[in-house]
Structures are given as structure tokens and as C-alpha cells.
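First the structure, in the form of C-alpha cells, and then the observations on it.
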Amino acid sequence: QVQLVESGGGLVQPGGSLRLSCAASGSILSLYAMGWYRQAPGKQRELVARITSGGRTNYADSVKGRFTISRDNAKNTVFLQMNSLKPEDTAVYYCNADQTLTSPFGSWGQGTQVTVSS
């Protein structure tokens with residue numbers, strides 16, 4: 001089965017930046033619209049950003065202007081550049097196909113932890 005692996009999370013101060021990566025074990029990632037999702041403690045998972053197979057993007061209002069989603073089809077990788085981070089951005093970040101109920105990448109992975117704190 002094709003799997004996704006998230007990486008790049010860590011501890012950062014408010015106002016700092018992180019770049020998350022989502023790498024696929026297969027060569028099919030470029031065929032799908034992809035999204036970054038996050039889940040904070042006690043909260044439901046929410047969509048943060050999405051990118052279509054053609055490169056069109058959408059962002060949640062809470063991150064618009066601060067986060068940028070991109071993809072490198074040759075490397076089967078999706079990125080999330082996060083700038084001007086706020087404590088409210090603290091969460092576990094996951095990637096998946098936008099069509100989550102019929103995702104070709106199986107169930108949700110473990111994600112990568114992003115902690116924004118002084």
C-alpha cells in the first residue's frame with residue numbers, strides 16, 4: 001500500500017517558521033488533490049490547506065497569508081511552509097488526499113507535532 005510520512009515538525013517560538021513535508025512511498029501522489037490537516041488537543045481535525053493536482057490552493061482563514069502549501073511531483077512530496085507561527089497553531093499536523101473517505105493512502109498516519117511556545 002502507498003503510505004504517507006509527515007515530517008518537519010518541532011518546537012518553535014511565536015513568530016517563527018517551520019516547513020513540513022509529506023512524502024509518499026509511491027509515485028501516484030501527483031494524481032490527487034492533497035491537503036494538510038491539524039488536530040489540537042480536545043479539538044476535531046480541521047483542514048488547513050489544500051492543493052489540487054493542477055496546483056490551485058485553498059487555505060483556512062486562520063492561516064491565510066501565513067502558510068503556503070506546495071508540491072513537488074517529481075519527489076512525490078507535498079510541503080507546508082508555515083510562517084509567523086502563533087501558539088494557536090500548536091497541533092499534530094497530518095497530510096492526506098483531499099478525498100479522505102476514499103484516500104488512496106490508507107488510514108491517517110501519526111502526523112508531525114508542531115508546538116509554538118515561548
(message) Report the gain in length on full extension from T102 to A74: 0.36 nm times residue separation, minus Cα-Cα distance, nm rounded to one decimal.
(response) 7.7 nm
(request) Express the accessible area of the chain per residue in Å², computed with a 1.4 Å probe while the remaining protein chains stay in the model. (result) 53 Å²
(request) Add +1 for every Lys or Arg and -1 for every Asp or Glu among the other residues with Cβ under 9 Å from the Cβ of V78, and state the total. (result) 0
(request) Between beta-carbons, use under 15 Å as the cut-off and find the net charge around A23, counting Lys and Arg +1, Asp and Glu -1. (result) +1
(message) Using a 1.4 Å probe on the protein heavy atoms, what percent of the accessible area of segment 38-106 belongs to carbon and sulfur?
(response) 45 percent
(request) Compute the projected area of the convex hull of the Cα atoms of segment 55-118, averaged over all viewing directions, and report it in nm² to one decimal place. (result) 5.4 nm²
(request) Scan around D98 for amide H atoms under 5 Å from its own, H built in the peptide plane at 1.01 Å from N, and keep only partners 5 or more places away or cross-chain. (result) A33, M34, G35
(message) Using a Förster radius of 30 Å, what is the FRET efficiency between N58 and S118 based on their Cβ-Cβ separation? Nearest 0.05, please.
(response) 0.45
(request) For segment 48-82, run through the trypsin sites (Lys or Arg not before Pro) and keep only the ones in DSSP coil with at most 16 other Cβ atoms within 10 Å of their Cβ. (result) R56, K64, R66
(message) Just to check I understand the Karplus step: with θ = phi - 60° and J = 6.51 cos²θ - 1.76 cosθ + 1.60, what whole-Hz values come out for segment 77-93, glycine and proline as x?
(response) 9, 10, 10, 9, 8, 10, 10, 6, 5, 10, x, 5, 7, 4, 4, 8, 9
(message) For the chain, what does the convex hull of the Cα positions come to per residue, in cubic angstrom?
(response) 92 Å³
(request) Please list the non-local residues whose amide H lies under 5 Å from the amide H of K86, H modeled 1.01 Å from N, same-chain partners needing a gap of 5 or more. (result) G15
(message) Can you work out the Karplus-derived ³J(HN,Hα) for every residue in segment 23-32? Use 6.51 cos²θ - 1.76 cosθ + 1.60 with θ = phi - 60°, whole Hz, and x for glycine or proline.
(response) 10, 9, 7, x, 10, 9, 4, 5, 7, 10
(message) What distance in nm lies between label points placed 7 Å from Cα along the C-beta direction at S17 and K86?
(response) 1.9 nm
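The values are calculated or read from the model by the stated rules, or taken from the named source; none is laboratory data. Remember, it's a predicted structure, so these values are computed and weren't measured experimentally. Don't worry about glycine lacking a Cβ; one is built from the backbone with ideal geometry, like all the others, and counts go over all protein chains shown. Keep in mind that these areas ignore ligands, DNA and RNA; they rest on the heavy atoms of the full protein, side chains included. Shrake-Rupley method; radii C 1.70, N 1.55, O 1.52, S 1.80 Å.
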